[in-house]
Amino acid sequence: MIMKFQGRAPAAKRAEDNTQLMGIVKNDSYLAPFNEAISGRHNHAVERIKELTNGGKQTLSEFANGYNYYGLHKVNGKWVFREWAPNATNIYLIGDFNNWERNEDYQCRRIEGAAGDWELVLDEEKIHHGDLFKMYVLWNGGEGERIPAWAQRVVQDEGTKIFSAQVWCPEEEYQWKHKTFKPNKSPLLIYECHIGMGQDAEKVGTYTEFKEKVLPRIVEEGYNAIQIMAIQEHPYYGSFGYHVSSFFAPSSRFGTPEELKELIDEAHANGIAVIMDIVHSHAVKNEREGLGNLAGDPNQYFYPGERHEHPAWDSLCFDYGKNEVLHFLLSNCKYWLEEFCFDGFRFDGVTSMIYYDHGLGKAFTDYSFYYDGNEDDDALVYLTMANQLIHELYPEALTIAEEMSGLPGLASPISEQGMGFDYKLNMGIPDYWIKLLKEVPDEQWHVGDIYYELTNKRAEEHTISYAESHDQALVGDKTIFFRLTDKEVYTGMSVFDHNLVIDRAMALHKMIRLITLATAGGGYLAFMGNEWGHPEWIDFPRQGNNWSYAHARRLWSLVDNPDLKFKYLNAFDSAMIHFATESNILDYEPRVLVRDIERQLLIFERRGYLFVFSFNPTTSYTDYQFDVPAGKYITILNTDNPAFGGDNRIDERVEHFTQYTGKENLLSLYIPARIGMVLKFDN
């Protein structure tokens, strides 16, 4: 459950003397009792940064260069391989270059004076681009093949399904065409997507296919950012990329590193920022592919004891208190920014990281729950350092936290004792829409509750609002449109048919998206295909479905079919997204003008635009009057427009003028049932 905030405390309730209060505490007196804890966390981060940067003699960016040191690199005509494996007693490189046999020529040596570092230097002709390889690691009591932790290319054999590292050193480096691209932070309109399931065909899609077939759709729709899932290599495709094995390797199942770079470059050419869904909250348990037991020590990267495994995710939890782990993860952030020109990150599983109990089953109904000793200060320090590093490298970079507890300061500047995220996901919104659709009849929808739930956030934080993401599209759940239509989606979507279930579904689908965007606190997100009502769930190949790709794809043929109504939802989404860009409303706070609970009417203003919503399922209102700034208003967006599959009950050519009564400037509107409209002040 998400903490419900009522905004700042009234002046009378604020601390009488806040001269010693700083940052987020100074702006919210309810945090005053926890001032010491908040300051302590901030100071902890400051001290760890000093420790890692040699007392401030270097930058975090200089510290986070591990990917240039560890792994396999060609340096001055030699191959140099390094790995951190303090528990190992011996390490060999085995691969295509030595018939996968251990021999002295490929035996690593311990680096004197380094805590657990191993090194191998080879002549250039000893290893070749494209060779497959692994480490063979020995330790007291055991031995085994392992993929290097810092491997930057990992591939899977189609026959055996075994993963190996691959030497990747093409003769010519990729030449970036748009390396100086800067993302647009306001408004931030994100299209969440997955490369592999982005195709209509029943297969794993590629970076190139996505660039050629899906990216143009996103450009046309008007989104200015894509958030790509499942980039870091993961053994099980069906994990959606959240059980990572090789943190520095872009998934080879989608293509080569150069093809990923081409996709990002093409997105930048079209003004689209590329955000990576980065997983630093946990790691896959696999030992041969991952970090689970790299050199006989299962705790090398992970917490020991009860905190070693995640109780709900069947994965391993990083030990953020270890400097070597911080080096690994911070270097990972820098690597993706520097090598692939990503524009930022959506950090997965932040709630799980920052609480010892991972926030599971906990209702954060009081501020004290954020400071009751359940917090992992080391994880909070890591997140703070990650944000400082990312913005030190690229001030314009975007960082988004997937966090559900509402921890104060998460999306506040580090200078204000926050953790420095630019945005946090407003995760309560999709949960609210699902609950409303499942449990409350249309005629009982409470517009006051709707507005409250959509705008409930900390005043100082920027948030990303969304009606649904990939979470709501997975098998076992239902998307909003599927929930609204059920089986009728298969028979009632023809433009030649009239179906009351489909009419309701299309009207509410458009209204839910429009009001979610119109109340957003900085950004908006949609998941690939859901914007036009993709009819089916996501189900990756698995034993239970005979390893089928039938549901691990997007049926673009449906929205492209002129005889189906999906095209109307797509047209509305495009119009809505373009409106958000052109109006720039998200830089301004909404102001409620009408909250008519009985009639189910909600009207609010934002930057001179009027947003009019009627959630009434049956009754239309003629000459509905309300007070607005004096002037002329014109309709610029209307869910009932026939171009969007509506019934054309609004004449958008009509200009609406206010009438002065001596006290108020009244605007009179015809408001049909179940409609969303946007009117522009045009004086």
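Tabulated results
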{"read-out": "Some residue of segment 642-655 being at pLDDT below 95, assigned to a loop (DSSP other than H, G, I, E, B), surrounded by fewer than 18 Cβ atoms within 10 Å (Cβ to Cβ) and at positive phi", "value": "no"}
{"read-out": "Positions within segment 569-578 being surrounded by 20 or more Cβ atoms within 10 Å (Cβ to Cβ) and not aliphatic (A, V, I, L, M), in sequence order", "value": "Asn570, Phe572, Asp573"}
{"read-out": "Flag if Asp357 is outside any helix (DSSP H, G or I) and either at pLDDT 95 or above or under 19 Å from His243 (Cβ atoms) (or both)", "value": "yes"}
{"read-out": "Any pair with Cβ under 7 angstrom, 6 or more apart, that starts in segment 368-386 at a residue that is open to solvent by 10 Å² or more (accessible area, probe 1.4 Å) and ends at one that is of a type in the set (Ser, Thr, Tyr)", "value": "Asn374/Tyr355; Asn374/Tyr356; Glu375/Tyr355; Asp378/Tyr320"}
{"read-out": "Meets criteria (out of contact with any Pro (no Cβ under 9 Å at 6 or more places or on another chain), at pLDDT 95 or above and surrounded by fewer than 21 Cβ atoms within 10 Å (Cβ to Cβ)) for Val612", "value": "no"}
{"read-out": "Single match in Glu212, Glu158, Glu172, Glu202 (criterion: open to solvent by 10 Å² or more (accessible area, probe 1.4 Å), closer than 25 Å to Trp547 by Cβ and free of Cβ contacts under 8 Å to residues at least 40 places away in the same chain)", "value": "Glu158"}
{"read-out": "Options Ile585, Ile675, Ile603, Ile597; residue that is among the β-branched types (Val, Ile, Thr), within 25 Å of His462 (Cα to Cα) and out of contact with any Leu (no Cβ under 8 Å at 6 or more places or on another chain)", "value": "Ile585"}
{"read-out": "Inter-residue pairs, beta-carbon under 7 Å, first without any contact (Cβ under 8 Å) to a residue 40 or more places away in the chain and in segment 650-677, second outside any loop (DSSP other than H, G, I, E, B) and open to solvent by 60 Å² or more (accessible area, probe 1.4 Å), 6+ apart", "value": "Glu664/Asp627; Asn665/Asp627"}
{"read-out": "In segment 432-485, the residues that are open to solvent by 40 Å² or more (accessible area, probe 1.4 Å), assigned to a helix (DSSP H, G or I) and touching a residue at least 60 places away in the same chain (Cβ under 8 Å)", "value": "Glu443, Thr455"}
{"read-out": "Residue selected from segment 312-330 under the condition farther than 20 Å from Asp377 by Cα and either out of contact with any helix residue (DSSP H, G or I) (no Cβ under 8 Å at 6 or more places or on another chain) or of a type in the set (Gly, Ala, Ser) (or both), by the criterion surrounded by the fewest Cβ atoms within 10 Å (Cβ to Cβ)", "value": "Ala312"}
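The values are calculated or read from the model by the stated rules, or taken from the named source; none is laboratory data. This is a predicted model, so every value here is computed, not measured. Counting neighbours? That spans all protein chains shown, and the Cβs are built from the backbone with ideal geometry, glycine included. Calculation scope for accessible area: heavy atoms of the full protein, side chains included, ligands and nucleic acids excluded. Shrake-Rupley method; radii C 1.70, N 1.55, O 1.52, S 1.80 Å.
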